[in-house]
Amino acid sequence: SKKSNSLGALLIIVSALVLFLSFGLPVVLRQSINSTELIIKTLLCILIIGFFTWCWTSTYYVIDKKKLVAVSGPCKFSIEIQDIKEINTDQKTIGWIIKPALSWNCIVVICRDSEALAISPENQDTFIDTLTGINQEIKIKHSS
């Protein structure tokens, strides 16, 4: 997956904000934290930051003869290549809910059942050529 520095920076900022809200704000407001609250906040921070790190370090795409598989952290998406009807290029990931993409610029793979998946392969042209080599009926739409 192509990685956008600005998206990485956003994940770092959100992680820092989570840490500040969990631990820094109570210190600034001079609030005491009991041991149960400390354990819960620590686990929550570990889960959130761990999830971001897992997604950042393990997002990838695999094309085999029949399927396109997108993996991002604990999430795995699989699409039959013969079910792909359209690929929209140069899309923005903002607004997408399901997007195993680490870049703001991505392609959107649309299937016959109107399922859509936003992904950000390192080399979009080679990726699209590989998919259309398997399924010649895929339509390519370039955004204007």
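The values are calculated or read from the model by the stated rules, or taken from the named source; none is laboratory data. Computed from a predicted model, the values in this text were never measured in an experiment. Cβ sites come from the backbone with ideal geometry, for glycine too, and all protein chains shown count toward neighbours. The protein model used for the area step is the full one, side chains on, heavy atoms only, and it has no ligands, DNA or RNA in it. Shrake-Rupley method; radii C 1.70, N 1.55, O 1.52, S 1.80 Å.
Numbers below:
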| read-out | value |
| --- | --- |
| Principal-axis tilt of helix 5-19 within the chain, Cα atoms, nearest 10 degrees | 30 |
| Relative contact order for the chain, counting Cα pairs under 8 Å that sit 6 or more residues apart, in percent | 24 |
| Accessible surface of L117 - all protein chains present, 1.4 Å probe, nearest 10 Å² | 10 |
| Correct option for Cα Rg over 2.2 N^0.38 Å [calculated from the coordinates] among (i) 1.07; (ii) 1.38; (iii) 1.33 | (iii) |
| Size of electric dipole in the range 10-144: Cβ of Lys, Arg +1 and of Asp, Glu -1, about Cα centre, debye, nearest 20 | 340 |
| Spin-label proximity, S78 to the range 104-121 - amide N less than 18 Å from point 7 Å beyond Cα toward beta carbon | 111-113, 115-117 |
| Heavy-atom accessible area ranking, 1.4 Å probe, most first, across F77, F127 | F77, F127 |
| FRET efficiency for K141 and A16, using Cβ-Cβ distance with R0 set to 30 Å, rounded to 0.05 | 0.20 |
| Accessible area of C75 in the full protein assembly, 1.4 Å probe (Å², nearest 10) | 50 |
| Which listed pairs, of K2/K41; K2/K141; K41/K92; K92/K139; K3/K141; K65/K92, have C-alpha distances above 25 Å, in listed order | K2/K41; K41/K92; K65/K92 |
| Shape box of the range 39-110 [Cα atoms, principal axes, largest first, Å] | 48, 25, 16 |
| Accessible surface of the range 69-144 [probe 1.4 Å, protein heavy atoms]: carbon and sulfur percent | 50 |
| Trypsin sites (Lys or Arg not before Pro) restricted to the range 56-144 and DSSP loop, no more than 13 other C-beta within 10 Å | K65, K66, R112 |
| Area accessible to solvent at V71, 1.4 Å probe radius, in Å² | 20 |
